[in-house]
Amino acid sequence: MDNILEVQNVSKSFAGIRACENATLSIKRGSVTSIIGPNGAGKTSLFNLISGAISPDSGSINFNGTEIAQKHPHEIARLGLVRTFQGAKVIRRLSVMENILLAAQNNPGDHLWRVLTPRVRKRFEDAAEERALDLLKQVGLESFVDSYAGILSGGQRKLLDLARAMMAEPKMLLLDEPFAGVNPALVEKLVSVLQSLKKQHDLTFLLVEHDLETVMNISDEVYVMAQGTVIANGLPNSIYDNEVVIDAYLGSRRKSS
Amino acid sequence: MTAFLQPGFWVFVVLMAGIYCIFALGLQVQYGLGGILNFGHVATMALSSYTMAILVITYNWNLYLACFVGVIMAGLGGAFLGLTTLRLRGDYFSIVSIAFSEIIRYIIHNSDHLTGGSQGSLNIPSSKGYASYTDSFNKVLMNIQDKIKPIVGSFASRDMALLLIVWLTAIILLTIMSFIQKTSWARVLRATREDDDVPASLGKNVFLFRLSSVIVGSVIGGIAGIYWALEFSILDPADFQTIVTFFAWMVIILGGATRVKGVPLGALFFGFLYAGTRFFQFPPFTWFDSVQRAYLRIMIIGFVLIFLMLKRPQGIFGKREEMVLE
């Protein structure tokens with residue numbers, strides 16, 4: 001398997017505080033990789049660096065053969081590297097369907113002059129709506145199509161967020177704490193949705209997560225971050241036994257058990 | 001009370017409502033869709049009307065070509081404002097936009113040899129010896145006036161002729177804008193009024209969407225400026241004070257900012273409110289002199305707005321559900 005994402009020696013500091021220091025990751029195509037680490041370890045900063053929300057002070061980020069370290073978020077998204085946000089951001093005053101349609105790529109209607117070619121627009125919108133409806137069915141939100149996204153519950157917003165990210169036809173998905181604040185039954189559902197999506201679309205996942213049990217179950221590889229840098233990586237099982245990781249993140253509770 | 005009963009006065013009121021309708025429509029594209037708080041919208045009127053007047057008076061351009069260039073100029077003004085300041089967060093943009101419109105007004109005020117300065121368009125340098133830009137257009141209006149005389153009788157006037165043109169333009173623009181509201185362009189803009197990160201993470205260049213909405217709004221504002229200039233036949237820098245921008249804000253707040261069809265209704269409502277309050281010639285209003293009453297008028301509009309915000313914050317046509325979602 002080749003690597004779809006290569007992060008090399010990426011550093012970023014904010015006003016003297018190091019958010020990320022020489023972070024290096026290699027993500028294999030078609031894998032599920034998780035980043036774990038204590039709060040403030042720089043996981044979300046790393047996500048923001050990869051997705052272009054902030055640009056690194058030094059280091060390189062290569063996605064699918066393209067250097068993306070200095071690119072804007074929308075350019076990176078167009079390359080097929082799509083992210084979700086901590087706590088699932090939905091556009092509350094758009095309907096669920098509109099939220100998903102937002103993600104349709106290369107929509108001719110995004111260009112203002114296309115107001116003159118209603119047929120081209122409609123053809124695209126119809127096809128997009130069909131695909132959106134499919135995705136909504138997969139995540140079980142089909143009954144909310146025309147509701148404002150603002151009325152959805154926290155868990156439903158996570159599902160919508162995921163479906164919307166899928167609508168953007170990603171090659172790789174960055175999920176920021178997809179299971180945080182979600183009840184166990186919904187975690188199971190999210191995991192099964194993720195796995196079926198992965199199978200269907202040949203996706204690569206990179207996630208930041210605190211729910212260790214789930215992380216260990218679904219991940220092919222785990223990276224551990226602390227104080228802005230990667231302190232360990234490997235198969236899920238090897239992480240459990242790693243002394244450095246136990247000290248930095250898992251805590252002595254794990255050591256004794 | 002005499003003016004109250006004259007049809008000519010009410011024709012003027014509806015005509016001005018039409019101009020405000022077009023003007024406010026330019027703001028609706030920016031605020032209603034993109035949530036952009038542009039407080040310098042009046043600059044687009046100043047740019048288009050003065051550009052047109054200077055081209056016609058000083059350079060003897062064809063009026064219609066000059067109008068076209070004037071509108072383009074308004075669009076360029078919007079592009080300049082957007083390119084320089086749209087990357088700022090919403091409220092900072094608002095502050096800069098006020099400054100922008102004031103800068104434009106002061107430039108006009110102080111460029112005597114080009115714009116006529118404080119004496120207005122009458123002082124624009126002209127080879128003909130007199131400064132007028134409406135000569136050729138007046139003939140067109142006279143023509144229309146003659147044609148509608150059999151239909152509307154005593155209502156036929158220069159204002160009536162212009163009223164028809166203005167409202168026809170307004171209807172065309174409203175139709176175009178309501179089509180535009182159905183495109184995915186508008187959908188992305190409606191997303192950006194809530195959040196920048198989500199559309200950007202889905203491959204949308206948020207800045208470009210905002211910029212294009214400001215340019216479209218400025219072009220529409222420029223069209224309103226042309227009609228303003230044609231109606232009054234003279235221009236004065238004092239016509240383009242910031243308060244005019246807020247009249248447009250009143251229009252879209254009254255009508256409901258998120259719906260295109262709210263704009264003409266808001267404009268008519270505002271027009272009648274603004275003109276109608278002229279006729280408060282009974283106590284307690286007669287306790288004040290006419291100058292004080294002119295300010296009272298604006299205060300009363302303010303009270304109506306506050307009342308509306310309390311009772312119907314979404315405007316006449318807005319959707320209330322949209323406002324309460326968290």
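The values are calculated or read from the model by the stated rules, or taken from the named source; none is laboratory data. All figures in this text were calculated on a predicted structure; none of them were measured in a lab. No Cβ is skipped: glycine too gets one built from the backbone with ideal geometry, and neighbour counts run over all protein chains shown.
Worth a mention:
- Scanning region B:29-49 for residues that are crowded, with 24+ Cβ neighbours inside 10 Å and in a helix (DSSP H, G or I) yields B:V29, B:Q30, B:G32, B:L33, B:V42, B:A43, B:T44, B:M45, B:A46, B:L47, B:S48, B:S49.
- If you check B:S121, B:S111, B:S97, B:S49 for being more than 18 Å from B:D135 (Cβ to Cβ) and in contact (Cβ under 8 Å) with a residue 40 or more places away in the chain, only one passes: B:S97.
- Where strands (runs of 3 or more DSSP E) sit wholly within region A:127-241, those with at least 1 residues that are polar (S, T, N, Q) and buried (at least 21 other Cβ atoms within 10 Å of the Cβ) occupy A:204-208.
- Residue check, B:Y50 within 30 Å of A:R93 (Cα to Cα), at pLDDT 95 or above, in contact with a helix residue (DSSP H, G or I) (Cβ under 8 Å, 6 or more places away or on another chain) and not hydrophobic (A, V, I, L, M, F, W, C): no
- Selection count where residues are out of contact with any Cys (no Cβ under 6 Å at 6 or more places or on another chain), under 19 Å from A:P73 (Cα atoms) and either without any contact (Cβ under 8 Å) to a residue 60 or more places away in the chain or of a type in the set (S, T, Y) (or both), scope region A:15-62: 15
- For region A:104-124, the set of residues classified as in contact (Cβ under 8 Å) with a residue 24 or more places away in the chain and buried (at least 20 other Cβ atoms within 10 Å of the Cβ) consists of A:A104 only.
- If the condition is being more than 7 Å from chain B (Cβ to nearest Cβ), hydrophobic (A, V, I, L, M, F, W, C) and not in a loop (DSSP other than H, G, I, E, B), then region A:99-111 contributes only A:I100.
- So A:L116, is it touching a Phe, Trp or Tyr at 6+ places or on another chain (Cβ under 7 Å) and under 20 Å from B:S213 (Cα atoms): no
- Subset of region A:112-123 [farther than 17 Å from B:I176 by Cβ and either at the interface with chain B (Cβ under 7 Å from one of its Cβ atoms) or of a type outside the set (D, E, K, R) (or both)]: A:V120
- The residue that is farthest from B:A66 (Cα to Cα), counting only those in region B:123-137 that are in a loop (DSSP other than H, G, I, E, B) and over 24 Å from the mean Cα position of the chain (by Cα), is B:G129.
- Set side by side, the residues B:T277, B:T245 differ, and just one is polar (S, T, N, Q), in contact with a helix residue (DSSP H, G or I) (Cβ under 6 Å, 6 or more places away or on another chain) and modelled with pLDDT under 90, which is B:T277.
- Considering region A:45-98, the residues that are assigned to a strand (DSSP E or B) and buried (at least 21 other Cβ atoms within 10 Å of the Cβ) include one that is farthest from the other protein chains (Cβ to nearest Cβ), namely A:I61.
- Residue count, region B:191-219 (criterion: in contact (Cβ under 8 Å) with a residue 40 or more places away in the chain and outside any helix (DSSP H, G or I)): 2
- Boolean, B:T84 is modelled with pLDDT of 90 or more and crowded, with 16+ Cβ neighbours inside 10 Å: no
- For region B:158-181, the condition of being crowded, with 16+ Cβ neighbours inside 10 Å, in a helix (DSSP H, G or I), polar (S, T, N, Q) and touching a residue at least 60 places away in the same chain (Cβ under 8 Å) holds for at least one residue.
- Unique match (being of a type outside the set (D, E, K, R) and modelled with pLDDT under 90) among A:G80, A:G42, A:G52, A:G59: A:G42
- Scanning region B:178-203 for residues that are within 7 Å of another protein chain (Cβ to nearest Cβ), of a type outside the set (G, A, S) and out of contact with any strand residue (DSSP E or B) (no Cβ under 8 Å at 6 or more places or on another chain) turns up B:F179, B:I180, B:T183, B:W185, B:R187, B:V188, B:R190, B:E194, B:D195, B:D197, B:V198, B:P199.
- B:R259 vs. criteria basic (K, R), more than 19 Å from B:V13 (Cα to Cα), within 11 Å of another protein chain (Cβ to nearest Cβ) and surrounded by fewer than 23 Cβ atoms within 10 Å (Cβ to Cβ): no
- Every residue from region B:204-215 that is more than 7 Å from chain A (Cβ to nearest Cβ) and polar (S, T, N, Q): B:S213
- Some residue of region B:222-241 being of a type in the set (V, I, T), part of a helix (DSSP H, G or I) and either farther than 21 Å from B:L37 by Cβ or in contact with a Gly (Cβ under 6 Å, 6 or more places away or on another chain) (or both): yes
- Region A:13-44: number of residues that are part of a loop (DSSP other than H, G, I, E, B) and surrounded by 23 or more Cβ atoms within 10 Å (Cβ to Cβ): 3
- Candidate set from region A:125-159 (those that are more than 12 Å from chain B (Cβ to nearest Cβ) and touching a residue at least 60 places away in the same chain (Cβ under 8 Å)); member that is nearest to the chain's Cα centre (by Cα): A:K158
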